[in-house]
Amino acid sequence: MTAYHLAREGADVTVVDARRTGRGAAEVNAGWYCPGESAPVPGPGMVTKSLAWMLRRDSPLYIRPSASPEFTRFMYGMWRACTSQANLAGYRASLALARAADVGYADYRADGIDFELRSGGLLLAYRERENFDAHLATLGIAREHGLDPQVLVGDAVHEREPQLSEQVRGSIYFPHESYLDPNALMRGLHARLLELGATIIENAPLERVERDGSRVRRLVAGGRAIEADAYVLAAGAWSGRLARLFGAGVAAQVPVRPGKGYSVDVAPLVLRTCVNLADAKVAVTPLATRLRLAGTMEFGGLDERLDRVRVAAILAAPGRYFRDWQAPSPADLEPRAGLRPMTPDGLPVMGPLAGLDNAFVSGGHGMMGITFGPGAASVMTDLVLRERHNPVLDAFSPARFSRRRRAAGAVDQRLQGVR
């Protein structure tokens, strides 16, 4: 999306991809534009839940244990972010970034990018009262931003979505949310970039970044040297690893790690809109030719291999929410995994890279790539082409991680002195 925005404004753009463009989380996600669901992943109660879920391979959240210092720092940072204050502040910042998506996607279609886009809202369905009540406490911010959440209980739940069973005790309906076909969007962006004259280099892993002092001079990718006036690191879950190639100090500002999720397309089901099976953390997207189920979060490495236990959990979840759900045979399906780019505080990392005059990062958008995409691409284009800093970027500055790391180091030194 950033490449598209830059090219549309007349920049000579080259996209460099380690494999075919549009792969991974870009094509595996649920396809939701959902500002109402854009609160950061770290939040009150997450630590307690994650400790319980760690014991089950089929749980919504699974943390694969690792002794890596980088992994430990990441999980400690996420634990520190699990406060009400941080979560609410992050939610407000995320809503500001998400604001551009509604107009953005309509604009994409008007520009000739062909993809399925549907309105109709988002329905969050709850079987567990505790989870339902916890979400009700955050609706004030959603109302402040004009999202108009509607709380439904009893018959009102089933009037809104007749397919939901009596086991669903309550729901929250966000009437302004939309959803799209992410596979078609990726194909459409690729085609439009070529029409705009962009160069797309595929199957070219980044090997080296060459610098002259505070400027990046060239990249070497797939054995090919690539020179430009400005460089944007937007490599999804791989952004943290590739940041190391830009020099000392850069990687600390891009602590992006993968959070693996899965999706599987099944036969269509008649639903009025997309549905979040909120307790099970499974997204249900009714597209024209198929029903997409997506979910789970698995913290481990850069590993896209399938875990059939977790896929089976996604396939079983609709049976606890919908009236006549018949789980399809896994043998007839082609589930896929994608790596979400996660940060310790659950917020994107966007802005100039440390110590570099012509290099930027736009990553760590977590599960909100579709929701944040147009807004992120727009503010990054302003920054790269015009050196115009939009205040929406303040909450997402890469520098925030350097500050936190220095503070954590100072605390560690004091503790060592006490010992």
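The values are calculated or read from the model by the stated rules, or taken from the named source; none is laboratory data. Because the structure is a prediction, the values reported are computed rather than measured. In this analysis, Cβ positions are derived from the backbone assuming ideal geometry, glycine residues included, and neighbour counts consider all displayed protein chains.
Summary table below
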{"item": "Selection from the stretch 92-138 of residues that are touching a Gly at 6+ places or on another chain (Cβ under 6 Å) and surrounded by fewer than 17 Cβ atoms within 10 Å (Cβ to Cβ)", "result": "114"}
{"item": "Residue in the stretch 233-253 that is under 17 Å from residue 201 (Cα atoms), within 24 Å of the chain's Cα centre (by Cα) and assigned to a strand (DSSP E or B) present", "result": "yes"}
{"item": "Residue match in the stretch 292-302 (condition: part of a strand (DSSP E or B), modelled with pLDDT under 95 and over 25 Å from residue 168 (Cβ atoms))", "result": "yes"}
{"item": "Residue 241 surrounded by fewer than 19 Cβ atoms within 10 Å (Cβ to Cβ) and at negative phi", "result": "yes"}
{"item": "Residue list for the stretch 254-276, restricted to those being in a loop (DSSP other than H, G, I, E, B) and under 17 Å from residue 73 (Cβ atoms)", "result": "254, 255, 256"}
{"item": "Selected residue [under 22 Å from residue 261 (Cβ atoms), crowded, with 17+ Cβ neighbours inside 10 Å and over 16 Å from the mean Cα position of the chain (by Cα)] from 50, 66, 38", "result": "50"}
{"item": "Enumeration of residues in the stretch 362-403 that are hydroxyl-bearing (Ser, Thr, Tyr) and under 19 Å from the mean Cα position of the chain (by Cα)", "result": "362, 371, 378, 397"}
{"item": "Listing of helices (runs of 4 or more DSSP H) fully contained in the stretch 1-64 that carry 2 or more residues being among the aliphatic types (A, V, I, L, M) and modelled with pLDDT under 90", "result": "46-53"}
{"item": "Subset of the stretch 159-212 (residues that are among the basic types (Lys, Arg), at pLDDT 95 or above and under 27 Å from residue 145 (Cα atoms))", "result": "160"}
{"item": "Per-region count, the stretch 277-305, residues within 25 Å of residue 75 (Cβ to Cβ) and of a type outside the set (A, V, I, L, M)", "result": "11"}
{"item": "Qualifying positions in the stretch 90-115 - over 14 Å from residue 145 (Cβ atoms) and either outside any helix (DSSP H, G or I) or not hydroxyl-bearing (Ser, Thr, Tyr) (or both)", "result": "103, 104, 106, 107, 109, 110, 111, 112, 113, 114, 115"}
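Matching residues to (1) part of a helix (DSSP H, G or I); (2) at pLDDT 95 or above; (3) more than 29 Å from residue 296 (Cβ to Cβ); (4) among the basic types (Lys, Arg):
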{"position": "331", "(1), (2), (3), (4)": "yes, no, no, no"}
{"position": "361", "(1), (2), (3), (4)": "no, yes, no, no"}
{"position": "371", "(1), (2), (3), (4)": "yes, yes, no, no"}
{"position": "417", "(1), (2), (3), (4)": "yes, no, yes, no"}
